[in-house]
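The values are calculated or read from the model by the stated rules, or taken from the named source; none is laboratory data. Everything quoted here is computed from the prediction, not taken from an experiment. Cβ placement follows ideal geometry from the backbone for every residue including glycine, while neighbour counts extend to all protein chains displayed.
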């Protein structure tokens, strides 16, 4: 099979490339601890739950970075401002973009392009989030294909 054919025909279930250890945040979590958690867990996005446990949005590293820049630009005393800000103040209050564990990698890619997003959450048949697939996961899956490896 030609390299191009191998790449074009590659379309595994998204469950094969998703990250399974989804880390959730609460909308009342403080920004400083959320930033620290993102750094320590090496994540770039997390679904946000409300007090009832319902997913109410997503917060990304970009959302948190914008807040950090804003704090610096207006030169407020960071500790005072950070103490009164919570995830709900900076998250994207939107419905999570989810796919079934049986969806294909192509479907995940198409959803990301259509909605201009970098993360798609994967849910089981009961609607529980069980994984997340990012643009990096997709790039990594393709980069690891034998057809993408340098020839000896």
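In the set (1) under 23 Å from residue 103 (Cα atoms); (2) at pLDDT 90 or above, the condition left unmet by residue 9 is number (2). Can residue 28 be described as at pLDDT 90 or above, closer than 26 Å to residue 140 by Cα and either crowded, with 17+ Cβ neighbours inside 10 Å or in contact with a strand residue (DSSP E or B) (Cβ under 7 Å, 6 or more places away or on another chain) (or both)? So residue 28 does not fit the description; no.
Restricting attention to region 116-140, the residues being assigned to a helix (DSSP H, G or I) and surrounded by fewer than 17 Cβ atoms within 10 Å (Cβ to Cβ) number 4. Is it true that some residue in region 57-74 is loosely packed, with under 12 Cβ neighbours inside 10 Å, touching a strand residue (DSSP E or B) at 6+ places or on another chain (Cβ under 8 Å) and modelled with pLDDT of 90 or more? No, that holds for no residue. Count of region 11-41 residues, restricted to those that are free of Cβ contacts under 8 Å to residues at least 40 places away in the same chain and farther than 19 Å from residue 90 by Cα, is 3.
Residue under question is residue 113, and the condition is that it be on the phi < 0 side of the Ramachandran plot, modelled with pLDDT of 90 or more and in a helix (DSSP H, G or I); does it hold? For residue 113, the condition - on the phi < 0 side of the Ramachandran plot, modelled with pLDDT of 90 or more and in a helix (DSSP H, G or I) - is met. Does region 80-87 contain at least one residue that is at pLDDT below 85 and part of a strand (DSSP E or B)? Checked against the condition, which is being at pLDDT below 85 and part of a strand (DSSP E or B), region 80-87 yields at least one hit.
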